[in-house]
Amino acid sequence: MSLISVLILTLNEEANLPECLDACAWCDDVVVFDSYSADRTREIAAARGARVFERRFDDYAAQRNAALTDVPYKHAWVLMLDADERTPADLVTEMTQAVAAADPEAALFRMRRKDMFLGRWLRRSSGYPTWFGRLVRVGRVHVERAINEEYVASGTIGHLRTHLVHYPFKRGLAHWVERHNRYSTLEAAALLAQRAAPIAIKALFAGDPVARRRALKQLAYRLPMRPSLVFVYWYIVRLGFLDGRAGYVFIRLRATYELLIDLKVIEHERRTGGAPV
């Protein structure tokens, strides 16, 4: 018997969901939290035994918080997945052992993921290792930030050694571009809202990798020529060129995404005279 429930957020994921659910065959309580898909997402989920709930999407933090508070789960721990992510056997084993041994103060386990593109793991060019809060104790975690969410835990946080596997291009390049166009709009709004906040200098040297990444991102958004610096940093400094053609293409795409964010900030400021979001 599983000790962990699985929550999958979906919107038109008929291409990704079957493999994701197949990889969750180890779990006896899978919930698909759908944003009123127009394809066969709900039918696929129900046919594979998942429980399906629906909510109109507003932002990622609100969607995840609603899924954690409005849905009854069989187990005290919930693994939050996207439909393009997979749970390999070594991760399942480690998660099960972690929650079985967790003390009452444990609230959240973070993990890393392997981003796959053109048949290879983007180890150097994808931002790895980035830690994501994914395995949560129900009632002890809430989610903040509309995009690139942050998980706030009421209790202790652990880190798992094994990885999720992520296929961000499973639905094709056009879908990735369309999705990151939407993401860049949300990220630009977040940037404008946070611009007045001072940089947390101490957090740049924090032991917590999530706090350190947040502070680095806050600093990076203030740098001139940021999209070009992103390319140089990931391709040369972080040795992204060792990921071959896949690494080069992915970093170019990533730099374009950062350019979109900056251009949308400029567009907002020109339209509003610099008024906040």
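Compute the length gained on full extension between ALA193 and ARG245: take 0.36 nm times their separation in residues and subtract their Cα-Cα distance, giving the result in nm to one decimal.
15.1 nm
Relative contact order for the chain using alpha-carbon pairs under 8 Å, separation at least 6, rounded to a whole percent?
The normalised contact order for the chain reaches 18 percent.
Multiply the residue separation of ASP103 and VAL165 by 0.36 nm, subtract the distance between their alpha-carbon atoms, and state the gained length in nm to one decimal.
19.6 nm
To make sure I understand the rule: partners must be aspartates and glutamates, Cα under 19 Å from the Cα of LYS264, and not fewer than 8 residues away in the same chain. Which ones qualify?
ASP59, GLU178, GLU187
For the ranges 2-14, 54-66, 139-151, what's the packing order if you count other beta-carbon atoms within 10 Å of each residue, average per peptide, and put the highest first?
Packing order, densest peptide first, comes out as 2-14, 139-151, 54-66.
Please check: in the Gaussian network model of the chain (C-alpha springs, under 10 Å), which one of LEU81, LEU239, LEU135 has the largest mean-square fluctuation.
In this elastic network of the chain, the residue with the biggest mean-square fluctuation among LEU81, LEU239, LEU135 is LEU239.
With angles folded into 0 to 90 degrees, how steeply does helix 173-194 sit against the dominant principal axis of the chain? Use alpha carbons for both and round to 10.
Here the helix axis deviates by roughly 70 degrees.
Between LEU263 and LYS74, how many nm apart are label points set 7 Å from Cα along the C-beta direction?
4.8 nm
So, R0 is 30 Å and r is the distance between the beta-carbons of ASN148 and ASP90; what FRET efficiency does that work out to, to 0.05?
According to the calculation, E is roughly 0.70.
Taking the 0 to 90 degree range and rounding to the nearest ten, how far is the long axis of helix 209-220 tilted relative to the main principal axis of the chain, both from C-alpha atoms?
Compared with the principal axis, the helix lies near 30 degrees.
Ratio of alpha-carbon Rg to the 2.2 N^0.38 Å globular estimate for the chain, to two decimals, please.
Here the answer is 1.02, to two decimals.
List the equivalent ellipsoid semi-axes of region 4-166 in whole Å, largest first, each obtained as the square root of 5λ for an eigenvalue λ of the Cα gyration tensor.
Values for region 4-166, descending: 22, 20, 16 Å.
LYS114: which aspartates and glutamates have alpha carbons under 17 Å from its alpha carbon, excluding same-chain residues fewer than 8 sequence positions away?
The reachable aspartates and glutamates, counting only those whose Cα sits under 17 Å from LYS114, are GLU19, ASP82, ASP84, GLU85, ASP90, GLU94, ASP243.
Every number here is computed from the coordinates shown, using simple stated rules; none is lab data. For clarity, every value in this text was computed on a predicted model and none was experimentally measured. Neighbour counts are summed over all protein chains in view; Cβ atoms, including those assigned to glycine, are modelled from backbone coordinates with ideal geometry.
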